[in-house]
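The next block holds one structure in the form of structure tokens; read it before the comments.
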Amino acid sequence: MNAEKGFSQNQERKESFTYTGVQGWGVTTSAWLFQPEKGLAIISQLNEERESRDQDLIGVELYATHLPPAIRKTLPQSAIRTLEKHIPPDLTPEKALALIKKFPNVPITEVHAEFNFSFWEEVYRTIIGEKFFPEVSDGGITDRVKLALKNRRDQVAWMLFFGRATQMEAVDIASYLNQESQGQYPNSSGTGLNLHTNIVEGFAQQGRLNSVKSQVARVLAEPERPYRSPIMRRLSHELNIKGEQLISDPATIREHIVFRYGLDGLTLGVDHQLAQGTDPTPSFRQVLDVVRNIHIAGGKGSRLHTAIDFDDPNTRAFLSSLFTSRHQHPIKLFLDLNPLEMGKLSPEEQFELIAATIDRLEDKQKASLDRLK
């Protein structure tokens, strides 16, 4: 990706609109974090049916997981194979390439990078970075404590099974896939990289961000839940803005991450706002000019990344706004589901859930667009 393709710090909104609603659909491998190959097999089957109906293919955002060196060096391969249903795989560029060759009708359009930038951030976030009493919708102190414990559990899992961005594993995977997709499919949009803002800032501080941008088709900043990160202190002091806001608030990220570092746009995660009982529509409209991808799921309180609740008023309001929005660039909508919830379903039930959800989203968009005519 050339630097000129990204937004500049002084980018102005333009008023010429080319697109309305959503231009592509996708699923993240969060749903099959422990066995992404099974997820790609389901999407491949779904895409076979969609191709027969002359519909666009469902894309995939691949989570770049790894095995801790201690596990790789200590446990025999037979033990690792026994545990494969309970721990994410050790994805390498070669293994990722093998996946796209095995499932050529499943475009891996994005790679999700690590959650922590450095060893120091891993430790800091686990101990004091995560909030002790995070906000929840329709819940009391017990629910807030449950969510705080869950957030720390997730952080420990991210440390173990994603590693840190300084190891460059996600960048390498995205780079390999980008080269392969552009070489094999001349009309491909390539493979991009989703980075949480602490990762963007970490690479910027080390002078490596431009190198990362040059290796992939696009770099998108992704908000996360608010927490305290030592990586964000320098920028926080310079701008006089809380680090938590630079990590979680889409409008702040648009102004001070996307524009500042010339990124290609924003991946907007509306699933956490919906789980908190908040309508994401106002924040979506604030950053519409830079949104490229959207993550969506259902959830409530501490139960996150469940199937979309189409009866939820906030979900209905957001989808209505999304499907009638006019913008300058294509937007893709990705289902971002919980692997523990998906693991309760058979492969056939997983297929039906994904197929029915995307069919319903497409039907709702069609109805919204018909009303505009």
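Just so it is clear, none of the values below were taken in a lab; they were calculated from the coordinates. Remember, it's a predicted structure, so these values are computed and weren't measured experimentally. Don't worry about glycine lacking a Cβ; one is built from the backbone with ideal geometry, like all the others, and counts go over all protein chains shown.
At full extension, residue 97 and residue 234 could sit 45.6 nm farther apart than now, given 0.36 nm per residue minus the alpha carbon distance.
All other residues whose Cβ lies under 14 angstrom from that of residue 42 are scored, Lys and Arg at +1 and Asp and Glu at -1, for a net of -3.
Non-local lysine pairs in the stretch 249-373, meaning eight or more places apart or on different chains, with alpha-carbon distances under 21 Å, amount to 4.
Neighbours of residue 250, meaning other residues whose beta-carbon lies under 12 angstrom from its beta-carbon, give a summed charge of -3 when Lys and Arg score +1 and Asp and Glu score -1.
Cβ under 12 Å from residue 194's Cβ, residue 194 left aside: what net charge do those residues give with Lys, Arg +1 and Asp, Glu -1? Net charge in that neighbourhood comes out at -4. Would you give the gap between the C-alpha center of the stretch 204-253 and the C-alpha center of the stretch 317-373, rounded to a whole Å? Rounded to whole Å, the Cα centres lie 28 Å apart.
So, R0 is 30 Å and r is the distance between the beta-carbons of residue 126 and residue 306; what FRET efficiency does that work out to, to 0.05? The computed FRET efficiency comes out at 0.75.
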